[in-house]
Amino acid sequence: MTTPHLWEIDHPYYCTEGNYYARPSEGLHTEYETWQDFHADWGSLDPDLNFVWRWDWKRADPSHYEDGEEMPPDRLLVFWVLQRKAILRSTECTVTEADEPAVREWLAEKAEWVRAVWEPFLPVPEGAAS
């Protein structure tokens, strides 16, 4: 089974960065220049306290740019719930296709936390012990 590249996945609805109930100056959306910078700050935080519930790999549409016009770099947006304090926030970093394996591995770990929350409602995979 071939999985699509992360930049090929189009989620059914968008999410706005930051927090509707906070001013941008309150710092609930943080931007990073690289995946490595982002990962240094957020990569190993406790997933119970810093719960990732959504991500979007954004790539500019070439049809929106004229020939020769430089397209912006790809961006990874990550949406968080800081559960202990009930804070919604987001982070954003520049990513490249070369970053995809590391991003995919990190997101897969976060997906396991989401799965654990919803486990009672998910079907048991075929062949799994009950």
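Throughout, read-outs are computed from the coordinates displayed, never taken from laboratory work. Remember, predicted model here, so these are calculated numbers, not experimental data. In this analysis, Cβ positions are derived from the backbone assuming ideal geometry, glycine residues included, and neighbour counts consider all displayed protein chains.
Points to keep in mind about this one:
- Contour minus Cα-Cα distance for A60 and Y14 (0.36 nm per residue): 15.1 nm
- Dipole magnitude for segment 1-108: about 780 debye, using +1 per Lys or Arg Cβ and -1 per Asp or Glu Cβ, origin at the Cα centre.
- Signed unit charges on C-beta, dipole axis of the chain, positive-most listed residue T2, W55, Q83: Q83
- Taking every DSSP helix (H) stretch of at least 4 residues in the chain, weighting each as -39,500 (n - 2.57) and dividing the sum by the residue count yields a mean residue ellipticity at 222 nm of -6500 deg cm²/dmol.
- Projected label distance in nm at I87 and W7, using a 7 Å step from Cα toward the beta-carbon: 3.2 nm
- On full extension, the segment bounded by A102 and S25 gains 24.7 nm, given 0.36 nm per residue less the C-alpha separation.
- Correct choice for Cα extents along the principal axes in Å that was computed from the model, options (i) 58, 41, 28; (ii) 51, 35, 26; (iii) 31, 31, 29: (i)
- In degrees, nearest ten, helix 100-118 long axis to first principal axis of the chain (Cα): 40 degrees
- Separation of alpha-carbon centers, segment 101-115 and segment 1-67, rounded to whole Å: 13 Å
- Within the listed set T91, T34, T16, the Gaussian network model of the chain (springs between alpha-carbon atoms below 10 Å) gives the highest mean-square fluctuation for T16.
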